[in-house]
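Everything on this sheet refers to the single structure shown next.
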Amino acid sequence: MTRTECTMNRDELFAWWLGELDSATEERLDAHVFACADCAVRLTALLALGDAIRRETLSGSFGFVVPAAFVGRLHAAGLRLREYTLEPGGSVNCTIGPGDDFVVSHLHAPLAGVPRLDVILDDPTLGRFRLDDVPFDPQAGALTVVPSAQFLRSLGVTQQRMRLIAVTDAQERVLGEYTFNHTPSS
Amino acid sequence: MVSFGVETDDDATLARRIAAGGSTPDTATESELCRRLAPRIRLYGLKHLRSEAAARDLMQDVLVLLLEQLRSGALRDPSQVASFALGSARQLVLDRRRGERRRARILEAFPIDLLPGADPAPEPLDTTRLQYCLAALPERERSVLVMTFYDDRPADQVAVELGLTAGNVRVIRHRGLERLRTCMHSAEGTA
């Protein structure tokens with residue numbers, strides 16, 4: 001009994017799963033996945049990890065930066081979003097309600113031509129956090145930030161400041177500062 | 001270059017044994033063949049039908065068809081069992097898309113309890129560790145993984161929304177998954 005070693009990597013399997021391949025390659029991988037028990041096991045494990053990431057995303061256990069279009073999909077899926085839109089220098093009284101799935105902040109800023117964008121968050125009790133090289137669309141004119149809902153629910157009355165920093169090789173430049181006056185939901 | 005190495009020997013051995021038994025069912029061998037093939041058929045069904053229920057239906061249908069063909073001797077070369085299963089799955093997916101209801105008719109002829117009841121579930125993930133590992137990812141990688149896995153979005157669509165190229169998204173996705181796996185495994189090693 002002989003067995004040829006399977007050399008297909010996870011990226012190829014995942015590309016097959018997501019439908020990223022041309023039709024001829026997809027048909028070849030259809031046949032391979034049917035014949036290769038090892039690949040089925042590896043792909044099943046990858047999909048289980050993906051399911052877990054999806055669950056954690058929806059549970060609000062961690063924060064993320066996404067395009068506004070993604071927030072639109074959360075909304076379309078029936079999730080309850082509390083959204084705040086701020087201009088540079090702006091402030092807002094904010095909270096997270098018991099029925100809210102996510103709090104979304106749209107931070108307007110002149111992003112055109114910015115090569116790299118960092119976010120600095122200052123909290124009077126927790127200190128300073130810096131998010132390096134966040135993904136953004138320079139044409140969008142705003143950065144969409146979704147903080148961890150679980151973290152927001154743990155906060156008391158507090159004031160947080162967020163700054164968007166344009167980073168180049170030579171310097172850093174503040175694009176906008178935004179103030180969040182947070183109160184817990186009553 | 002991709003090498004499409006295959007693992008058919010064990011499948012084929014089981015298939016030959018079933019075929020040799022003719023109309024006398026070798027339940028243990030049939031169950032073993034079903035256990036081996038079921039996860040692959042399910043994955044194919046999930047990919048093409050995007051529904052767990054539909055994928056499980058497809059899995060049952062293909063396995064029943066396969067056993068039927070092996071028992072009757074209609075599958076002339078049992079070593080081609082994986083190819084036959086793939087061909088059947090393709091046809092059944094097409095049938096389902098056309099709204100045909102082949103399943104009820106086929107299932108009447110075979111006992112359902114022959115089929116595997118549940119897929120072999122992967123090891124449960126350590127949720128607390130996963131939360132830590134996700135939070136520790138670089139922002140770009142976390143964003144791409146969230147956007148990818150939330151609704152199984154391919155790289156080109158994620159790229160359009162992020163203002164990146166599809167190739168760039170694939171690189172970020174690859175790095176993120178590798179970093180996540182390393183982080184999760186390092187927890188296992190220290191547990």
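Here are the numbers:
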quantity: Residues being assigned to a loop (DSSP other than H, G, I, E, B) and either in contact with a Phe, Trp or Tyr (Cβ under 8 Å, 6 or more places away or on another chain) or closer than 28 Å to B:Ser79 by Cα (or both) - total across the stretch A:22-50; calculated: 1
quantity: Residues satisfying the stated conditions in the stretch B:139-181, i.e. in contact (Cβ under 8 Å) with a residue 40 or more places away in the chain and surrounded by fewer than 18 Cβ atoms within 10 Å (Cβ to Cβ); calculated: B:Asp152, B:Arg179
quantity: Residues of the stretch B:138-166 classified as under 12 Å from A:Val65 (Cα atoms) and aliphatic (A, V, I, L, M), total; calculated: 5
quantity: Matching residues, the stretch B:35-57, being within 12 Å of chain A (Cβ to nearest Cβ) and hydrophobic (A, V, I, L, M, F, W, C); calculated: B:Leu37, B:Ala38, B:Ile41, B:Leu43, B:Leu46, B:Ala55
quantity: Test: residue in the stretch A:49-61 that is touching a residue at least 60 places away in the same chain (Cβ under 8 Å) and facing chain B (nearest Cβ under 7 Å); calculated: yes
quantity: Strands (runs of 3 or more DSSP E) lying entirely in the stretch A:51-150 (those with 3 or more residues that are within 12 Å of the chain's Cα centre (by Cα) and either on the phi < 0 side of the Ramachandran plot or not β-branched (Val, Ile, Thr) (or both)); calculated: A:64-66, A:142-146
quantity: B:Thr128 more than 7 Å from chain A (Cβ to nearest Cβ) and either modelled with pLDDT of 95 or more or buried (at least 20 other Cβ atoms within 10 Å of the Cβ) (or both); calculated: no
quantity: Test: B:Leu164 is more than 27 Å from the chain's Cα centre (by Cα) and either in a loop (DSSP other than H, G, I, E, B) or not assigned by TED's automatic domain parsing to the domain that holds B:Cys183 (or both); calculated: yes
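Yes/no per residue for (1) of a type in the set (S, T, N, Q); (2) away from chain B (no Cβ under 14 Å); (3) touching a strand residue (DSSP E or B) at 6+ places or on another chain (Cβ under 9 Å); (4) surrounded by 14 or more Cβ atoms within 10 Å (Cβ to Cβ):
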| residue | (1), (2), (3), (4) |
| --- | --- |
| A:His108 | no, yes, yes, yes |
| A:Val114 | no, no, yes, yes |
| A:Phe136 | no, no, yes, yes |
| A:Ile165 | no, no, yes, yes |
| A:Glu172 | no, yes, yes, no |
| A:Thr179 | yes, yes, yes, yes |
| A:Ser185 | yes, yes, no, no |
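Residue-by-condition table, conditions (1) assigned by TED's automatic domain parsing to the domain that holds A:Val157; (2) in contact with a helix residue (DSSP H, G or I) (Cβ under 9 Å, 6 or more places away or on another chain); (3) touching a residue at least 60 places away in the same chain (Cβ under 8 Å):
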residue: A:Ala24; (1), (2), (3): no, no, no
residue: A:Val33; (1), (2), (3): no, yes, no
residue: A:Arg42; (1), (2), (3): no, yes, no
residue: A:Leu74; (1), (2), (3): yes, yes, no
residue: A:Arg82; (1), (2), (3): yes, no, no
residue: A:Gly89; (1), (2), (3): yes, no, yes
residue: A:Arg116; (1), (2), (3): yes, no, no
residue: A:Leu131; (1), (2), (3): yes, yes, yes
residue: A:Val134; (1), (2), (3): yes, yes, yes
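Okay, residues lined up against (1) in contact with a strand residue (DSSP E or B) (Cβ under 6 Å, 6 or more places away or on another chain); (2) acidic (Asp, Glu); (3) at pLDDT 95 or above:
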| site | (1), (2), (3) |
| --- | --- |
| B:Ile106 | no, no, no |
| B:Ala109 | no, no, no |
| B:Asp156 | no, yes, yes |
| B:Val160 | no, no, no |
| B:Gly176 | no, no, yes |
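The values are calculated or read from the model by the stated rules, or taken from the named source; none is laboratory data. The shown structure was predicted, so the numbers you read here are calculated from the model rather than taken from an experiment. Please note: Cβ atoms are built from the backbone with ideal geometry, for glycine as well, and neighbour counts cover all protein chains shown.
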